[in-house]
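The values are calculated or read from the model by the stated rules, or taken from the named source; none is laboratory data. From a predicted model like this one, the values you see are computed outputs, not experimental measurements. Here Cβ is always computed from backbone atoms with ideal geometry, including for glycine, and neighbour counts include all displayed protein chains.
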Amino acid sequence: MAKNSARDIKVTAFATHQIITQPNPLRTVLRRVEEKDMDDPVGRAEQALAGLASEFKDWMVTEINRLSAAYVAIRHDGFTKDRRDELFRAAHDVKGDAATFGYPAAAGIAESLCRVIEHAPDLEKVPAELFTHHINAILAIVHENTKLDHISVSAELSRRLRKVADDYLAQVNRDRPEHLEVILAPSIAPAE
Amino acid sequence: MFRIDFNKLRFLICDDNPHMRRILRTLLHSFGAREVYEAEDGATALEMYSHYVPDIVIADWAMPIFDGLELAQMIRQPESKGNPYAPIIMLTGHSEKRRVTVARDAGVTEFLAKPISAKGLYQRILNVVASPRPFIKTKTYFGPDRRRNTISAYMGPERRVGEKHEVLQQPSLLDKARSSI
């Protein structure tokens, strides 16, 4: 259903570009309905997501164990491209998943860790404490006390770790303006 | 008001994280989708893309083998035998301005930053179903029009220049096949 036939595709050529238009191939899935007949797919999906909530803690533990293992491998055998990539992917997954799983502060700390991995010019020279503080904080938030978020301790921890990481990155990237610009730039992606 | 018949849509989810795939599948099924295919890396996703011809692709950025960005670039091949026009929603933990721009320039249709929400995902799907943008082909880009708005007061340099000089009708696949015999 997704594809129009080639004869439906119109190409308008300009000096530097072509504009390609075609009938909307997905038009048949749209139905005009009265407001009273409108159901609530978003509400239904939120309810289904809430139904998975009992599994979130286990999923989060799996994610942080992977993060922890990735860093243990680096401490034993040093950074290689593969180990660096695995650490980054593990931190990146925690960053992406933790808020959905109910640990927003852990997501913030994982984001800070991702920035260190991505923007430090030489990972071998990054103080080990910068990694361990980030990882231990994430482990603590998930393992020790899931209520930490409610009492803002973890949020404060996340804020402070981010500041320490950003100060470090600003210092080591002082001669790399393209990295500094990225480090200091705000996120622009729409949240909703 | 418009309602989307999700049961007529075919989705391809591409994410290396099984938890995120489960969440996406749950959300899509709750919206009403029946056909949801899953791939855990870019290479498998590309194979499934050719095989199942999904209506909408939802891809993570960071994946092994090749990532979501490379997947988008491979789908957006104007001369490919497959469908280069399918909407691609990039769902990712990356949300820096530079990343969003790079994704847009790879031909991604919509960008959805994690954490995922039912509302955010539904909105992106509604956008690609109800308001598809024309495709633009230049020497360096093939993908949905990157201009979402027309700003009459815009004073900066124009990326696209030149007057309209001809209208080309793309030959049908049947005609192409006949001419190659």
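Would you please name the residue that is nearest to B:R3 (Cα to Cα), looking only at residues in the range A:11-29 that are of a type outside the set (A, V, I, L, M, F, W, C), without any contact (Cβ under 8 Å) to a residue 12 or more places away in the chain and crowded, with 17+ Cβ neighbours inside 10 Å?
Our first condition is that a residue be of a type outside the set (A, V, I, L, M, F, W, C); within the range A:11-29, this holds for A:12, A:16-18, A:21-25, A:27-28.
Next, from what is left, pick out any that are without any contact (Cβ under 8 Å) to a residue 12 or more places away in the chain: A:12, A:16-18, A:24, A:27.
In the following step, the residues that additionally are crowded, with 17+ Cβ neighbours inside 10 Å were identified as A:17-18.
Details: A:H17: 35, A:Q18: 32 Å.
Among those residues, the one meeting the criterion is A:Q18.
Scan A:R32, A:R7 and give me the residue that is exposed (fewer than 12 other Cβ atoms within 10 Å of the Cβ), within 11 Å of chain B (Cβ to nearest Cβ) and either in contact with a strand residue (DSSP E or B) (Cβ under 7 Å, 6 or more places away or on another chain) or closer than 29 Å to B:N83 by Cβ (or both).
Details: A:R7 fails: exposed (fewer than 12 other Cβ atoms within 10 Å of the Cβ).
On inspection, the qualifying residue turns out to be A:R32.
Within the range A:139-192, take every residue that is of a type in the set (D, E, K, R), outside any helix (DSSP H, G or I) and at pLDDT 80 or above and give me the one that is surrounded by the fewest Cβ atoms within 10 Å (Cβ to Cβ).
Initial filter on the range A:139-192 (of a type in the set (D, E, K, R)): A:144, A:147, A:149, A:156, A:159-160, A:162-163, A:166-167, A:174-176, A:178, A:181, A:192.
If we keep only those that are outside any helix (DSSP H, G or I) too, we end up with A:144, A:174-176, A:192.
From the residues that got through so far, the ones that are at pLDDT 80 or above too are A:174-176.
Values: A:R174: 10, A:D175: 8, A:R176: 14.
Filtering first and then ranking leaves A:D175.
Which is touching a Leu at 6+ places or on another chain (Cβ under 8 Å) and within 28 Å of B:Y52 (Cα to Cα), of A:V42, A:V29? Talk me through it step by step, then tell me what you get.
Values: A:V42 fails: touching a Leu at 6+ places or on another chain (Cβ under 8 Å).
Sole residue among the options that is touching a Leu at 6+ places or on another chain (Cβ under 8 Å) and within 28 Å of B:Y52 (Cα to Cα): A:V29.
For the range B:128-151, does any single residue satisfy the condition of being facing chain A (nearest Cβ under 10 Å), out of contact with any helix residue (DSSP H, G or I) (no Cβ under 7 Å at 6 or more places or on another chain), surrounded by fewer than 22 Cβ atoms within 10 Å (Cβ to Cβ) and closer than 25 Å to A:G102 by Cα?
no
For A:A99, work out the one condition from (1) without any contact (Cβ under 8 Å) to a residue 24 or more places away in the chain; (2) farther than 21 Å from B:F111 by Cβ; (3) outside any helix (DSSP H, G or I) it doesn't fulfil.
All conditions are met except number (2).
Looking only at residues that are without any contact (Cβ under 8 Å) to a residue 12 or more places away in the chain and within 12 Å of chain B (Cβ to nearest Cβ) in the range A:77-88, which one is nearest to the chain's Cα centre (by Cα)?
As a first pass, look at the range A:77-88 and keep what is without any contact (Cβ under 8 Å) to a residue 12 or more places away in the chain: A:77, A:80-82, A:85.
After this cut, where a residue has to be within 12 Å of chain B (Cβ to nearest Cβ) as well, the list is A:82, A:85.
Numbers: A:D82: 20, A:D85: 15 Å.
Only one residue tops the list, namely A:D85.
Taking the condition of being more than 19 Å from B:P115 (Cα to Cα) and in contact (Cβ under 8 Å) with a residue 60 or more places away in the chain, how many residues in the range B:10-28 meet it?
Residues of the range B:10-28 more than 19 Å from B:P115 (Cα to Cα): B:10-12.
Add one more test, that the residue is in contact (Cβ under 8 Å) with a residue 60 or more places away in the chain, and what stays is none.
Of the residues in the range B:10-28, 0 are more than 19 Å from B:P115 (Cα to Cα) and in contact (Cβ under 8 Å) with a residue 60 or more places away in the chain.
For the list (1) out of contact with any strand residue (DSSP E or B) (no Cβ under 9 Å at 6 or more places or on another chain); (2) in contact (Cβ under 8 Å) with a residue 60 or more places away in the chain; (3) aromatic (F, W, Y), I need the number of the one condition that B:F31 fails.
The single condition B:F31 does not satisfy is (1).
I'd like the full set of residues that are at the interface with chain A (Cβ under 10 Å from one of its Cβ atoms) and assigned to a helix (DSSP H, G or I), limited to the range B:98-120.
B:R98, B:R99, B:V100, B:T101, B:A103, B:A118, B:K119, B:G120 - these are the residues of the range B:98-120 that are at the interface with chain A (Cβ under 10 Å from one of its Cβ atoms) and assigned to a helix (DSSP H, G or I).
Rundown of residues vs (1) modelled with pLDDT of 95 or more; (2) touching a helix residue (DSSP H, G or I) at 6+ places or on another chain (Cβ under 7 Å); (3) crowded, with 16+ Cβ neighbours inside 10 Å, yes/no style:
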site: B:L24; (1), (2), (3): yes, no, yes
site: B:G32; (1), (2), (3): yes, yes, yes
site: B:V36; (1), (2), (3): yes, yes, yes
site: B:P54; (1), (2), (3): yes, no, yes
site: B:A62; (1), (2), (3): no, yes, yes
site: B:I65; (1), (2), (3): no, yes, no
site: B:L71; (1), (2), (3): yes, yes, yes
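Please go through the range B:71-97 and pick out each residue that is part of a helix (DSSP H, G or I) and of a type in the set (D, E, K, R). Quick ask: steps written out before the conclusion?
Within the range B:71-97, the first condition is being part of a helix (DSSP H, G or I), and the residues that meet it are B:71-75, B:97.
Across the range B:71-97, the qualifying residue is only B:K97.
I need every pair where a residue in the range A:49-76 that is of a type outside the set (A, V, I, L, M) has its Cβ under 6 Å from the Cβ of a residue that is surrounded by fewer than 17 Cβ atoms within 10 Å (Cβ to Cβ), sequence separation at least 6 or different chains.
A:F56/A:G102
Could you look through the range B:1-55, keep only residues that are outside any helix (DSSP H, G or I) and among the small types (G, A, S), and pick out the one that is nearest to A:A50 (Cα to Cα)? Give the steps one after another, and end with the answer.
Within the range B:1-55, the first condition is being outside any helix (DSSP H, G or I), and the residues that meet it are B:1-5, B:9-17, B:32-41, B:53-55.
Add one more test, that the residue is among the small types (G, A, S), and what stays is B:32-33, B:39.
Numbers: B:G32: 17, B:A33: 19, B:A39: 24 Å.
Here the residue is B:G32.
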